[in-house]
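The values are calculated or read from the model by the stated rules, or taken from the named source; none is laboratory data. Since we're looking at a predicted model, the values are computed, not measured. So basically every Cβ, Gly included, is an ideal-geometry build from the backbone, and we count neighbours across all protein chains shown.
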Amino acid sequence: MTDDLTGIWNRRYFLLRIEQEIERAKRFKRDLSVLLVDVDRFKQLNDRYGHQQGDAVLRELADRVSASIRDVDTFARYGGEEFVLILPETDVQGARSAAEKIRLEISARPFRALEAGAEPIGVTISVGVGCYPLHAGATDPLIAAADQAMYRAKSGGRDQVVIAEAPPGEPGYDPLPDRRGNREG
């Protein structure tokens, strides 16, 4: 249930936990947010500094994020350089704040270089935010909403937080433009 490299929860645990949290949010009529986090330009980091340095960056990132979240939150490695965070009882504004806090925690301080005497390495992340029930009413569409928002963050310049847009017809869909597609960065 834990990721061998980072020591945090793995994708399998996340998928079990998100189902439980969605059911709990439905039962108690509470908000729930999912953050999908991707390390920007990770392939270039691996190519330039080597895979061992890339692994060290992933471990340090996991440590930094783990230290900045609540005990009730679930943080997991989703795959490769992607991570996912479940924020129970968190609405879109709270999720945006949490995502921005994490983004700043990563970009504000360079990461430790493995090579003695080498300069620390600057790392940024792109974060997509999806919220239940605002953006989707079930697990798969919620993850997809956060994933699409994360890709919009990457295509929009990276190192930013992008809020998902709910497709028409989804529970919680709100066509008001000031409540959809908000961006920070």
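Here are some conditions: (1) β-branched (V, I, T); (2) in a helix (DSSP H, G or I); (3) within 26 Å of I22 (Cβ to Cβ). I106 meets all but one. Which one does it not meet? The failed condition is (3). S97 meets the conditions (1) among the small types (G, A, S); (2) over 24 Å from A25 (Cα atoms); (3) at pLDDT 95 or above in every case but one. The failed one is (2).
Only one entry in R30, R70, R77 is touching a helix residue (DSSP H, G or I) at 6+ places or on another chain (Cβ under 9 Å), touching a residue at least 40 places away in the same chain (Cβ under 8 Å) and farther than 15 Å from L142 by Cβ, namely R77. You will find that of E60, E82, the residue that is acidic (D, E), at pLDDT 95 or above, touching a strand residue (DSSP E or B) at 6+ places or on another chain (Cβ under 8 Å) and within 19 Å of A116 (Cα to Cα) is E60 and no other. Consider L35 carefully, then state whether it is within 15 Å of G130 (Cα to Cα) and either touching a strand residue (DSSP E or B) at 6+ places or on another chain (Cβ under 9 Å) or among the charged types (D, E, K, R) (or both). Here the answer is yes, as L35 does meet what is asked.
Assess whether A136 counts as being in contact with a helix residue (DSSP H, G or I) (Cβ under 9 Å, 6 or more places away or on another chain), free of Cβ contacts under 8 Å to residues at least 60 places away in the same chain and not in a strand (DSSP E or B). The answer is yes for A136.
Test V72 against the stated conditions and say whether it is surrounded by 13 or more Cβ atoms within 10 Å (Cβ to Cβ) and not polar (S, T, N, Q). No. Considering segment 20-63, and only residues there that are assigned to a helix (DSSP H, G or I) and touching a Gly at 6+ places or on another chain (Cβ under 6 Å), the residue that is nearest to I102 (Cα to Cα) turns out to be L45. Would you confirm whether or not segment 5-14 contains a residue that is closer than 15 Å to V127 by Cα, crowded, with 18+ Cβ neighbours inside 10 Å, modelled with pLDDT of 95 or more and touching an Asp or Glu at 6+ places or on another chain (Cβ under 8 Å)? No, there is no match, as no residue in segment 5-14 is closer than 15 Å to V127 by Cα, crowded, with 18+ Cβ neighbours inside 10 Å, modelled with pLDDT of 95 or more and touching an Asp or Glu at 6+ places or on another chain (Cβ under 8 Å).
Residue count for segment 93-108 under the criterion of being surrounded by fewer than 16 Cβ atoms within 10 Å (Cβ to Cβ), in contact (Cβ under 8 Å) with a residue 40 or more places away in the chain and over 19 Å from H135 (Cβ atoms): the result is 2. Can you name the residue in segment 113-141 that is under 18 Å from V65 (Cα atoms) and either out of contact with any strand residue (DSSP E or B) (no Cβ under 9 Å at 6 or more places or on another chain) or not small (G, A, S) (or both) and, of all such residues, is surrounded by the most Cβ atoms within 10 Å (Cβ to Cβ)? Top of the filtered list is V129.
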